[in-house]
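The values are calculated or read from the model by the stated rules, or taken from the named source; none is laboratory data. All figures in this text were calculated on a predicted structure; none of them were measured in a lab. Here Cβ is always computed from backbone atoms with ideal geometry, including for glycine, and neighbour counts include all displayed protein chains.
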């Protein structure tokens, strides 16, 4: 079962079909709008079907890779369905806002897409089929190459990647990403080891959501939280999010000043 056609159609508007320069790129300031503000949730539905209302606040957190890097946004939901605020992080990519939320500091958001012409980089392997970019809640970021099924996210994917520091590749690692479909969501598990310094193994779970052209994922060593994909459409922000229980949906009213700042990025 795939996400609803209506939500997929909304997300196709401005969908992430290519990811811009990595967060550490220093050639010029990151080309993205200021989306900070408080958004009113006009319609919210949890995976169990329960409705909720409230607000979503987006604020600058840190620029990844220095002053020329992409912005990592801090996101906070104050909703009627939760006693405490839900906190997470987000990145703006080509008109879409990708978010992840979880507990503690050791979680992050990833975006994966098939490698297209002109997108292959020197660090990739010749048989890589997908490329990924990840962003941690602490501001760290990195890149990954995968080899596996390009047509749908399912099965095992050979994995290699590295952290980024001032735009340079550091701390390389290798391993496997396992993708298992469960209804409308993707259950993920990364496993592998770092190749330099201490030969330290790693293994942690995550959750993913597939939308036209890419997969968004959240990973967390504690195995909780979720991932969401939102699209700006004038005065409205429409999105869906994945948790262990399935998919939820949100619609939010965009503050007028934010809509004005975002508009030039949606007309390109």
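The table below gives the values:
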read-out: For residue 89: the one exception among (1) touching a residue at least 40 places away in the same chain (Cβ under 8 Å); (2) farther than 26 Å from residue 35 by Cβ; value: (2)
read-out: Residue 170 being closer than 24 Å to residue 49 by Cα and at pLDDT below 95; value: no
read-out: Residues of the stretch 183-196 classified as within 18 Å of residue 112 (Cβ to Cβ) and either over 21 Å from the mean Cα position of the chain (by Cα) or assigned to a strand (DSSP E or B) (or both), total; value: 8
read-out: Subset of the stretch 33-56 [crowded, with 17+ Cβ neighbours inside 10 Å and free of Cβ contacts under 8 Å to residues at least 40 places away in the same chain]; value: 54
read-out: Odd one out for residue 112, checked against (1) buried (at least 18 other Cβ atoms within 10 Å of the Cβ); (2) more than 22 Å from residue 99 (Cα to Cα); value: (2)
read-out: Single residue of the stretch 145-163 satisfying the filter (part of a loop (DSSP other than H, G, I, E, B) and in contact with a strand residue (DSSP E or B) (Cβ under 7 Å, 6 or more places away or on another chain)) that is surrounded by the most Cβ atoms within 10 Å (Cβ to Cβ); value: 153
read-out: Which listed residue is closer than 17 Å to residue 207 by Cβ and in contact (Cβ under 8 Å) with a residue 40 or more places away in the chain, from 116, 103, 141; value: 103
read-out: Which listed residue, of 242, 217, 259, is without any contact (Cβ under 8 Å) to a residue 40 or more places away in the chain and crowded, with 16+ Cβ neighbours inside 10 Å; value: 259
read-out: Test result for residue 105, part of a loop (DSSP other than H, G, I, E, B) and within 30 Å of residue 56 (Cα to Cα); value: yes
read-out: Strands (runs of 3 or more DSSP E) contained in the stretch 2-99 and holding at least 1 residues at pLDDT below 95 and in contact with a helix residue (DSSP H, G or I) (Cβ under 9 Å, 6 or more places away or on another chain); value: 86-93
